[in-house]
Amino acid sequence: MREILELRMPEEEARRHVPPDVGETLPLGHVRRLLLEVNHPLVEQLRAIEWEYRAQGTTLFSMCDVERHYTPRELRAAEYVMVGFWPFFRPTGVECGTRYDDSTACPHCGSGARQANELHLELRRIPKRRDLSITMGGEYVITSRLAEVLRQHRITGYELRPIVSRGGRPAPEHHQLIIPSASAEVVPPTHVGGSYLYPEPDPSRCPEGHVLGLRLLSSLYVPRDSLGKQDWVFTRQKFGRRGGLFHPLPRMIVTQRLYRLLAEQKVRHLHAEVVHLV
Ligand SMILES: [Zn+2]
């Protein structure tokens, strides 16, 4: 596994703190983008500088995010795999007439709002070449084709619900994918925080424990007995910040059997990470 830190900072600041041959200046010339292994010596230098910036109430970076890259061999050896299907698409359910009942939602993080009607979407805006996709509001969409493959392989731990257009016309080729179980417990040493170089304080964390923080900064650790027996499960805790159409989302975990099936079916934008069992 390689951990790669992606940093974006104003080019003017980059000239002060970063050697000229490190990273690339993005088109328009205002932003430098750096991709660094987390053990690169520059990372600790930039961490120290970021702490000085934060002490003055500002930040050096417009982006500071770490991504973990596993080899195909590591992924095939894992009992459970965390999967994601971003980039998100829009418009979201809420923008198209899907209603959410906020009466059960947590006042701190908004977690627990219940979907109160069928998922309404702009049908022609559902990504055409993707068997699994996710709206910016965290609603999962699956093609009938892939749903049929899951059924044939007796995959467990999911439900299908209809998707309709703004006007209520049923989507012919798509369903909403629902994962009813959110039993997977995220535990230490999983590291969660505001940013890789400045994790704390993280104001997105929910005092009730629904949201662990803004970003997952390490691999995911989960007790085996919290995963249940289904092929598909969500984490109990969520990640992210409420704002606009975004809200905190759980991470999706699948069995090796389901991961292989998704990979064999060439599901596009399949982001995969090993889940560590404790
Ligand atoms: Zn909460």
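From the set of residues in the range 163-193 that are more than 16 Å from the ligand (Cβ to nearest atom) and among the small types (Gly, Ala, Ser), which is nearest to residue 91 (Cα to Cα)?
Selected residue: 165.
Does the range 194-221 hold any residues that are surrounded by 19 or more Cβ atoms within 10 Å (Cβ to Cβ) and within 16 Å of the ligand (Cβ to nearest atom), and which are they?
Hits for the range 194-221 are 204, 205, 206, 210, 211, 212, 213, 214.
Of the residues 20, 41, which is without any contact (Cβ under 8 Å) to a residue 12 or more places away in the chain, under 14 Å from residue 4 (Cα atoms) and of a type outside the set (Asp, Glu)? Spell out how you get there, then give the answer.
Values: 20 fails: under 14 Å from residue 4 (Cα atoms).
Of the residues listed, the single one that is without any contact (Cβ under 8 Å) to a residue 12 or more places away in the chain, under 14 Å from residue 4 (Cα atoms) and of a type outside the set (Asp, Glu) is 41.
Please identify the pairs in which a residue from the range 198-218 that is in a strand (DSSP E or B) has its Cβ atom under 9 Å from the Cβ atom of a residue that is away from the ligand (no atom under 12 Å from the Cβ) and among the aromatic types (Phe, Trp, Tyr), counting only partners at least 6 apart or on another chain.
211/239; 212/239; 213/239; 215/196; 215/239; 216/239
Can you work out which of the residues in the range 107-126 that are small (Gly, Ala, Ser) and surrounded by 17 or more Cβ atoms within 10 Å (Cβ to Cβ) is nearest to the ligand (Cβ to nearest atom)? First the steps, then the outcome.
Of the residues in the range 107-126, the ones small (Gly, Ala, Ser) are 110-113, 116.
Right, trim to surrounded by 17 or more Cβ atoms within 10 Å (Cβ to Cβ) and you get 110-111.
Details: 110: 7, 111: 5 Å.
So, considering only residues that are small (Gly, Ala, Ser) and surrounded by 17 or more Cβ atoms within 10 Å (Cβ to Cβ), the one nearest to the ligand (Cβ to nearest atom) is 111.
Yes/no per residue for (1) modelled with pLDDT of 95 or more; (2) not in a loop (DSSP other than H, G, I, E, B):
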{"residue": "112", "(1), (2)": "no, no"}
{"residue": "117", "(1), (2)": "yes, no"}
{"residue": "163", "(1), (2)": "yes, yes"}
{"residue": "173", "(1), (2)": "yes, yes"}
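If I go through the range 201-236 residue by residue, how many of them are within 11 Å of residue 185 (Cβ to Cβ) and of a type in the set (Asp, Glu)?
1
For residues in the range 230-278 being touching a Leu at 6+ places or on another chain (Cβ under 9 Å) and acidic (Asp, Glu), which is nearest to residue 212 (Cα to Cα)?
Within the range 230-278, the match that is nearest to residue 212 (Cα to Cα) is 273.
Evaluate the range 77-89: report whether one residue or more is part of a strand (DSSP E or B) and of a type in the set (Asp, Glu).
no
Is it true that residue 224 is within 12 Å of the ligand (Cβ to nearest atom), farther than 26 Å from residue 47 by Cα and either basic (Lys, Arg) or over 12 Å from the mean Cα position of the chain (by Cα) (or both)? Talk me through it step by step, then tell me what you get.
Working: within 12 Å of the ligand (Cβ to nearest atom): no; farther than 26 Å from residue 47 by Cα: yes; either basic (Lys, Arg) or over 12 Å from the mean Cα position of the chain (by Cα) (or both): yes.
Taking the combined requirement at face value, the residue does not satisfy it.
Got a sec? Which of 5, 36, 28 is outside any helix (DSSP H, G or I), out of contact with any helix residue (DSSP H, G or I) (no Cβ under 8 Å at 6 or more places or on another chain) and among the aliphatic types (A, V, I, L, M)? So that I can check it myself, show each step before the final result.
Working: 5 fails: out of contact with any helix residue (DSSP H, G or I) (no Cβ under 8 Å at 6 or more places or on another chain); 36 fails: out of contact with any helix residue (DSSP H, G or I) (no Cβ under 8 Å at 6 or more places or on another chain).
Being outside any helix (DSSP H, G or I), out of contact with any helix residue (DSSP H, G or I) (no Cβ under 8 Å at 6 or more places or on another chain) and among the aliphatic types (A, V, I, L, M) holds for just one of 5, 36, 28, which is 28.
Taking the range 30-72, which residues are out of contact with any Phe, Trp or Tyr (no Cβ under 9 Å at 6 or more places or on another chain) and among the basic types (Lys, Arg)?
Filtering the range 30-72 down to residues out of contact with any Phe, Trp or Tyr (no Cβ under 9 Å at 6 or more places or on another chain) leaves 30-37, 39-42, 44-45, 48-49, 52, 55-58, 62-63, 67-72.
Matches in the range 30-72: 32, 33, 68.
Please indicate, with yes or no, whether at least one residue in the range 70-85 is more than 16 Å from the ligand (Cβ to nearest atom), closer than 21 Å to residue 248 by Cα and out of contact with any Ser or Thr (no Cβ under 9 Å at 6 or more places or on another chain). Before the answer, list the steps.
Start the filter on the range 70-85 by keeping residues that are more than 16 Å from the ligand (Cβ to nearest atom), which leaves 70-85.
Okay, now just the ones that are also closer than 21 Å to residue 248 by Cα, so 81-85.
Applying the additional criterion that residues be out of contact with any Ser or Thr (no Cβ under 9 Å at 6 or more places or on another chain) yields 83-84.
Yes, some residue in the range 70-85 is more than 16 Å from the ligand (Cβ to nearest atom), closer than 21 Å to residue 248 by Cα and out of contact with any Ser or Thr (no Cβ under 9 Å at 6 or more places or on another chain).
Out of (1) among the polar types (S, T, N, Q); (2) surrounded by fewer than 21 Cβ atoms within 10 Å (Cβ to Cβ); (3) away from the ligand (no atom under 16 Å from the Cβ), the odd one out for residue 104 is which?
Every listed condition holds for residue 104 apart from (3).
If you check every pair at least six apart or on different chains, which have Cβ atoms under 6 Å apart with a residue in the range 96-120 that is in contact (Cβ under 8 Å) with a residue 24 or more places away in the chain first and a residue that is away from the ligand (no atom under 15 Å from the Cβ) and among the hydrophobic types (A, V, I, L, M, F, W, C) second?
Filtered contacts from the range 96-120: 96/121; 98/119; 118/164; 119/163; 120/96; 120/164.
For the range 227-257, enumerate the residues that are surrounded by fewer than 19 Cβ atoms within 10 Å (Cβ to Cβ), part of a loop (DSSP other than H, G, I, E, B) and either away from the ligand (no atom under 14 Å from the Cβ) or of a type in the set (A, V, I, L, M) (or both).
Answer for the range 227-257, where residues must be surrounded by fewer than 19 Cβ atoms within 10 Å (Cβ to Cβ), part of a loop (DSSP other than H, G, I, E, B) and either away from the ligand (no atom under 14 Å from the Cβ) or of a type in the set (A, V, I, L, M) (or both): 228, 229, 230, 244, 245.
The values are calculated or read from the model by the stated rules, or taken from the named source; none is laboratory data. Everything numeric here is computed off the predicted structure, so don't read it as measured data. Cβ coordinates were reconstructed from backbone atoms using ideal geometry, including for glycine residues, and neighbour counts include every protein chain displayed.
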